[in-house]
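S.K.: Take a look at the following structure, please.
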Amino acid sequence: MKVEPSKYFLIALFVSILLFQGCSSYAPVSVSQCVEVVKHTKKMLGRMAPKRKRMMVDCKKATDEARGCIMAATTKIQIAHCV
């Protein structure tokens, strides 16, 4: 079976879009889970973490996707990219 060059382009475009979406979207985390988000953030940031009260206020103001980004973060740099 011979594939035309235009089909390669379409396949590459489709795969690129899937990869981009997979890397930039996170499972939404609701406001009701801010306690867990703050715990995770404090664990990741250690002594660099702001005070808990301030983080709770920020968590409640954040979007569901931003909270999901923080929960998916495994390094300080990843957390910095979420805000």
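S.K.: Give me the number: length gained by fully extending LYS43 to ALA27, i.e. 0.36 nm times residue separation minus the C-alpha to C-alpha distance, one decimal in nm.
M.R.: On the way: separation 16, 0.36 × 16 = 5.76 nm, distance 2.00 nm.
Result for the pair: 3.8 nm of gain on full extension.
S.K.: Continuing with this model, one more query. TYR26's amide H: which non-local residues (gap 5+, or another chain) put their own amide H closer than 5 Å, with H modeled 1.01 Å from N in plane and none for Pro or chain starts?
M.R.: So TYR26 has HN proximity to no qualifying residue.
Any read-out appearing in this document is the output of simple, stated calculations on the displayed coordinates, not a laboratory observation. What you are looking at is a predicted structure, and each value in this text was computed from that prediction instead of being measured.
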